[in-house]
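Just below is one structure, and these are the notes that go with it.
Bear in mind that the values in this text are calculations on the coordinates, not laboratory data. Everything numeric here is computed off the predicted structure, so don't read it as measured data. For neighbour counting, all protein chains shown are included, and Cβ atoms are generated from backbone atoms with ideal geometry for every residue, glycine included.
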């Protein structure tokens, strides 16, 4: 299922879907279906343009980013801080050829650091090896980043088995449940929070959402906002990916999660 979900992402979400459309358009041109081919290629160009401009990107991301307000200090009443991974850069020269966290993860970790200074609760860094088992788990790179900020090693707990957000929740639950911790401050990118909150809440956590890595500029638009930019296309992809992920969770994963929780609860019941 994990491989199928990744293949879906690569083929049916931007930019992969654009490649598919272009290839289909070329095929129609080659078989002398000129009007259909031109229509498909033109539609592809329009979609690329729209998803690459700031106003459209903002319309996609804003509902996700505004779903949970940034909490006040008084609301940070949690027993542990959970930070979700989001990618690493292998063999980084800046890390002595060890893995480094990607910029969006660094923003999440810095937010967790600010929370830790206020609440002084343990931090769980959640992220494993997605495709290559011969590389360093993302949680290790995340832990190094937090230590470089001054957080003691003993305050950081690694969850290094997960490959996606769903598994982030399950494996983190297994770690914290043994410690009797159910109330967490969940730190992830603001656009990613609606799906993450659903997963962690359904697993059984009491969740205080702490959004990080905001991507929408909430100021006014200028004429340059309507020029296509790669960063806006990437942000549009992130938003579309989240909407698809939320739908997939509600339709399929949530049911599987309820079954998993039922099994876990039955294993925890005392036997006669």
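Computed values, structure above
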quantity	calculated
Folded to 0 to 90 degrees: helix 254-268 orientation relative to the chain principal axis, Cα	20
The chain: angle of helix 34-51 to the longest principal axis, Cα-based, in degrees nearest 10	40
Mean projected area in nm² (Cα convex hull; one quarter of hull surface) for the chain	18.8
Debye-sum result for the range 128-198 in log10 I(q)/I(0), which assumes one identical scatterer on each alpha carbon, at q = 0.15 Å⁻¹	-0.58
Gyration tensor (alpha-carbon) shape descriptor, the range 97-218, a/c threshold 1.5	rounded
Expected-Rg normalisation [2.2 N^0.38 Å, Cα atoms] applied to the range 176-272	1.49
Max mean-square fluctuation residue, GNM over the chain, Cα-Cα springs under 10 Å, options 91, 241, 192	91
Mean Cβ count within 10 Å, highest first, over the residues of peptides 207-213, 64-70, 135-141	207-213, 135-141, 64-70
Whole-number D in µm² s⁻¹ for the range 1-128, Kirkwood Cα-pair radius fed into Stokes-Einstein, 10 °C, 1.306 mPa s	84
Percent of beta bridges antiparallel (DSSP, the chain, rounded to nearest 5)	15
Equivalent ellipsoid dimensions for the range 2-51 as semi-axes, Å, which come from the Cα gyration tensor, largest first	23, 14, 5
